[in-house]
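The values are calculated or read from the model by the stated rules, or taken from the named source; none is laboratory data. Small disclaimer: the values here were computed from a predicted structure and weren't measured. Cβ atoms come from the backbone with ideal geometry, glycine included; neighbour counts cover every protein chain shown. When the accessible area is computed, the model is the full protein with side chains, heavy atoms only, and any ligands, DNA or RNA have been set aside. Shrake-Rupley method; radii C 1.70, N 1.55, O 1.52, S 1.80 Å.
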Amino acid sequence: MDWLSVADIARLTRIPAPTARRYASLFREFLPHRKTGRVTRYAPEAAGVFERIAALYQDGRVTTEIEEVLRGEFSRTIDVDAAPASAPAADVRAVSPALGEMMEKFGQSLRLLADQKEIIACLRKDVRKLKAGFVLLARDRKKLKALPQDGDEDLRRALDAGHKSLARKDAEIEELALGLSFDTSDLKIKMQTLEQELVRLRKDRRDMERHLLDKIDRLKPS
């Protein structure tokens, strides 16, 4: 099976590459994939999931609603790491499988948190661009209103048509900005949950390390 990069997915589905990367991070659990080092590649059937996500966003769904839809339509996936396990990780699992599993979850949470922060930065940049476009459209509308209404009939009709077109664009930009704001809010909530989970994992790791050290000290010959 030929595994695909995000760029390959974007080319196949005609979804913009930045948007495809955002989908890949937000809905990773529904996309069949594997990791080789730092590179993540996706199974060919993942393209259909990307297209479904794009269609749901176009229908006006927010991220939480899309997750519910995908949960009912697609099975969840797990990360498959194609790289061989390192010796230290193997030693940790040999000593304590629970500690090894905890450290693996800790690493996954760190990677997911980094992805979420990158997505939020991109969304904020998009919102700033939309706000700038909104200001420019508002200025153009004011200029059109300030023009004299009498005079050439064809010119007046052209100005009216331009005014209506700008009004529609204005409404579209407001809707997009609102949608991006909702997505950013969803991501902030997810980040707060992840940060709380990281704090708990750090504490559990320290407790487990102390527990193992105590056991090792007891097993040492007197």
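Looking across 61, 41, 93, one residue alone is surrounded by 17 or more Cβ atoms within 10 Å (Cβ to Cβ), basic (Lys, Arg) and either farther than 23 Å from residue 4 by Cα or at pLDDT 90 or above (or both). It is 41.
State whether the residues of the stretch 12-29 include one that is under 15 Å from residue 73 (Cα atoms) and surrounded by 17 or more Cβ atoms within 10 Å (Cβ to Cβ). Yes, some residue in the stretch 12-29 is under 15 Å from residue 73 (Cα atoms) and surrounded by 17 or more Cβ atoms within 10 Å (Cβ to Cβ). Look at residue 46 and say whether it is more than 27 Å from residue 175 (Cβ to Cβ) and open to solvent by 40 Å² or more (accessible area, probe 1.4 Å). So residue 46 fails the test. Taking the criterion of being modelled with pLDDT under 75 and either open to solvent by 100 Å² or more (accessible area, probe 1.4 Å) or among the basic types (Lys, Arg) (or both), the residues of the stretch 184-222 that qualify are 188, 190, 192, 220, 221, 222.
For residue 109, the conditions (1) at pLDDT below 70; (2) over 26 Å from residue 193 (Cβ atoms) are fulfilled apart from (2). Across the stretch 64-79, the number of residues qualifying as open to solvent by 60 Å² or more (accessible area, probe 1.4 Å) and under 20 Å from residue 12 (Cβ atoms) comes to 2.
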